[in-house]
Every structure is written in C-alpha cells, then in structure tokens.
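Values quoted throughout were computed directly from the atomic coordinates according to the rules given, and no laboratory measurement underlies them. Since we're looking at a predicted model, the values are computed, not measured. Counting neighbours? That spans all protein chains shown, and the Cβs are built from the backbone with ideal geometry, glycine included.
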Amino acid sequence: MSSVKSVTVIDWLLDSDPAMRWQVMRDLTDAPPELVAAERGRIAKEGWGARLLDLQGEDGQWAGGACFPSQSIYQSVKNQGQPWISTLPTLQLLHDFGIDPHSDRVRRAVAMVRDGCHWENAGQPFFKGEVEPCINGRVVTLGTYFDQNVDAIVARLLIEQLKDGGWNCEVENGSIRSSFATTINVLE
C-alpha cells in the first residue's frame, strides 16, 4: 500500500510563492480579506517578487534596458532564447503577480524607473512612452497600476488608432490595418 499523502489542488497551490498564494486565497478560498492582504504584502518581501526587486540595477532598470537588456547582458544570455529580463517585462511580471503598488519598496523601485529608465529608441523617459503602440499600451497599464502619469501616452494612442478601430506596431512600415496583438496590448 502506498504512503503517498493525498493533496488537493488548492493545497498544492497554497504551498507556493506569495505571488500565487494570495490570489488562490482571494479567489478559491474563504480567507478573510485581511489575511489575503497580508499575504499579498509578502510579495515585495520574499519569493519571486522580492527576487525581481533585488535584481533592479542602480540605474533604475532591470538588465540595463527599458525593453531590451543592455548589449553586455544580452551577449551573456542570447543563446538561452528571448531574454525577458529587462524593465518592461519585469514590471509586467510584478504587475501580474499583484505586487502591492503602494508598498514602500515598490514605490522606491518605480521611482527609480521613472527617474532613470529611458527607451532605447530615442531616450524618452520610461513612463512617457516609446514609439510603438504595442509597447505604449503596456506602459499605460503599468503606469496606471503603479500610479504614474501616463496621460500623454493615452492621448497619443487615441491619435494613433486606425480606421478599423485598432492599433498596429507596423504602421511605420506601411500597415493600414490593426493587429490583434497590438490592439489587445492597448486595450488591456
């Protein structure tokens, strides 16, 4: 007879990182809101969220870049596939983890991005946006979540909306119809 302990899916999910655990508690259990909030507060202090925050550079960026890692970092990881380690995907991941945007540690990290991170294309400050609507849509999501002013990006996106109602990062290359992926990035 086997001595393997039976574990429910919820128990298995609860035995994980705070970034997952708080969402399981909120959505799949009857945990009181104050316990859920306390668990969510742990994301910036331990586990995946804390580790990502620890990796932020003194320049306010992750991996030395806004959308792409710096050339020196890229050279060390390019054989491992797409390096989703720069500032934009890292902030997106922290957002998706549900990290508390009002925690002191997160506020400091976001202030460092605001003050020190610039887009590779033309050196624009991170929360002022880039040239592509697919990226700018994501920056609006992040800026709103992390309490940064992204009004100028929203105004720009409204001007860039195509006749069919969507957006496309390939307009600069002659595209006249929207792209599903770019449009979703803007609408989310």
Worksheet item: Non-local amide H neighbours of Gly65 (under 5 Å, H modeled in plane, Pro and chain starts lacking H): which ones?
Response: Ser70, Thr87
Worksheet, complete the sentence: Per DSSP, the loop-located GluC sites (Glu not before Pro) within region 29-116 having at most 14 other beta carbons within 10 Å are Glu46, Glu58
Worksheet entry | Directionally averaged shadow of region 32-78, computed from the convex hull of its alpha-carbon atoms, nm² | 4.5
Worksheet item: For Ile176, what charge total do you get from the other residues with a beta carbon under 14 Å from its beta carbon, if Lys and Arg give +1 and Asp and Glu give -1?
Response: -2
Worksheet entry | region 28-57: trypsin sites (Lys or Arg not before Pro) in DSSP coil with no more than 13 other Cβ atoms inside 10 Å | Lys45
Fill in: Over the chain: helical MRE at 222 nm, DSSP H runs n ≥ 4 each giving -39500 (n - 2.57), nearest 500
-15000 deg cm²/dmol
Response to the item:
Here the relative contact order (percent) of the chain, from C-alpha pairs under 8 Å and at least 6 apart, is 15
Worksheet, complete the sentence: For region 75-169, listing GluC sites (Glu not before Pro) in a DSSP loop whose Cβ sees at most 16 other Cβ atoms within 10 Å gives Glu120
Discussion item. Can you match P(r) over Cα pairs in 10 Å bins from 0, in percent to one of these, (1) 8, 31, 26, 19, 13, 4, 0; (2) 9, 30, 30, 21, 8, 2, 0; (3) 8, 31, 39, 19, 2, 0, based on a calculation from the structure here?
Written reply: (2)
